[in-house]
Amino acid sequence: MAKATVLVAVVGGLLGAALAHGPHDRDVHLKVSSVSRAGHLPEGVTAKFVNYTIDGELYEGYMAYPTEATGPIPGMLIVHQWYGLGETEYFRAEEAALMGYYAFAADVYGFGMRATNNAEAGELSGGAFADPTRLLTIAEGGLAQLVDGAASIEGPAINTSALVSTGYCFGGAVLQLMATAGTSLFGMALFHTTFIDLSSGWMAPDLKIQIHHAQFDFAGDAALMTLQAALGAGNVTDWASTYYGNLFHGFTDPLNEAYDANAAQQAHASMFAFFDTYLEVSSAPTCADSSSWHKNNDPSKDCAWVGEFEDFVARRCTVKGEERILAMDACPVTCGTC
């Protein structure tokens with residue numbers, strides 16, 4: 001229990017600082033109600049609210065995905081800021097769907113549990129981190145719901161090898177907790193995150209990490225440096241940190257007084273480019289010979305025939321198949337054209 005005690009102390013201290021002089025108040029008035037939201041979706045995006053359970057407790061998330069995409073497509077888990085799931089997360093899920101992702105904005109607090117001011121947010125987020133083991137179960141349950149929810153939809157398939165995540169404020173701390181325990185996530189972006197104790201080590205060295213930190217964030221630069229040092233000590237090879245001058249905690253949150261539209265757009269464009277770069281590399285098609293190609297009008301002369309005799313391989317790689325497809329394109333392993 002020592003590890004959990006330290007974690008609670010660190011996060012509790014940050015929450016205390018937040019209540020004292022940290023995050024700006026948020027305008028939690030819903031711009032669009034849950035009931036009417038479908039009429040305000042971006043063109044090409046399908047979305048719905050999803051009720052799901054974890055250990056018998058009810059949660060409500062928000063799923064968005066591109067209507068016309070052909071799968072498999074990557075998935076994105078979105079973990080909310082300290083007020084709980086709301087308009088900002090719905091908007092970010094729809095934005096991710098426009099970028100070609102299955103996006104699931106998870107609910108960490110439970111159905112109907114939302115804050116309306118900083119004091120309530122402090123109680124909810126502090127209560128969540130009071131039991132890190134339980135919080136980890138809830139976070140991983142949200143990730144499982146992303147995958148299971150996508151599988152149940154009559155839409156594009158989800159690529160379970162390309163699951164990324166974004167966390168805002170409290171949500172960033174939740175994602176760090178997942179990383180200290182080890183996670184199946186491929187990538188992670190932390191926006192004006194609060195920080196947790198990382199002395200137990202970073203257990204996800206292959207995770208692709210991006211951090212977006214404001215100059216005047218109440219969490220401070222020292223905490224950012226500690227996280228960066230933990231990534232180095234944890235042998236994380238692919239990570240980037242961007243520092244935003246003259247901005248405050250919550251600068252990407254449209255409902256926060258600290259919101260800066262230009263910086264928010266820049267930060268999210270950077271995140272999508274960061275993820276896309278690594279996902280494109282990791283999902284590059286495996287080099288393999290075609291099982292259906294054959295010489296035009298002669299099905300017996302396939303890729304195996306091309307490589308049958310070493311002296312004839314180069315010549316046979318120029319043979320055309322049906323639809324004028326060359327053997328060198330259809331049989332890259334045999335022809336050495338991978």
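The values are calculated or read from the model by the stated rules, or taken from the named source; none is laboratory data. Please read all numbers here as calculations on a predicted model, not as lab measurements. For the accessible areas, the whole protein counts, side chains as well, though only heavy atoms, and no ligand, DNA or RNA atoms are used. Shrake-Rupley method; radii C 1.70, N 1.55, O 1.52, S 1.80 Å.
Projected over all directions and averaged, the alpha-carbon convex hull of the range 216-335 occupies 13.2 nm².
Which whole-number percent is the relative contact order of the chain (Cα, under 8 Å, 6+ apart)?
That works out to 14 percent.
Here the range 287-338 exposes an accessible surface that is 49 percent carbon and sulfur, computed with a 1.4 Å probe and the other protein chains kept in place.
Each stretch of four or more DSSP H residues adds -39500 (n - 2.57); spread over every residue of the chain, this sum gives -11500 deg cm²/dmol at 222 nm. Working note: Karplus 6.51/-1.76/1.60 with θ = phi - 60° gives the range 163-169 the couplings 9, 10, 8, 10, x, 10, 6 Hz, where Gly and Pro are set to x.
At q = 0.17, 0.27, 0.28 Å⁻¹, what base-10 log of I(q)/I(0) does the Debye formula yield for the range 189-246 when every alpha carbon is treated as an equal point scatterer in vacuo? Values returned for q = 0.17, 0.27, 0.28 Å⁻¹ are -0.52, -1.20, -1.27. In order along the range 249-259, the phi-based Karplus estimate (6.51 cos²θ - 1.76 cosθ + 1.60, θ = phi - 60°) of 3J(HN,Hα) comes to 4, x, 5, 9, 9, x, 8, 9, 4, 7, 4 Hz; Gly and Pro are listed as x. For ILE78, the residues whose modelled amide H falls within less than 5 Å of its own, excluding neighbours fewer than 5 places apart on the same chain, are PHE104, ALA105, ALA106, THR166. Amide H to amide H distances under 5 Å link ASN159 with ILE73, GLY75, where only residues 5 or more positions off or on other chains count and H is placed in the peptide plane. Along the range 48-56 the Karplus relation, 6.51 cos²θ - 1.76 cosθ + 1.60 evaluated at θ = phi - 60°, assigns HN-Hα couplings of 7, 7, 10, 8, 8, 10, 9, 6, x Hz to successive residues, with x for each Gly and Pro.
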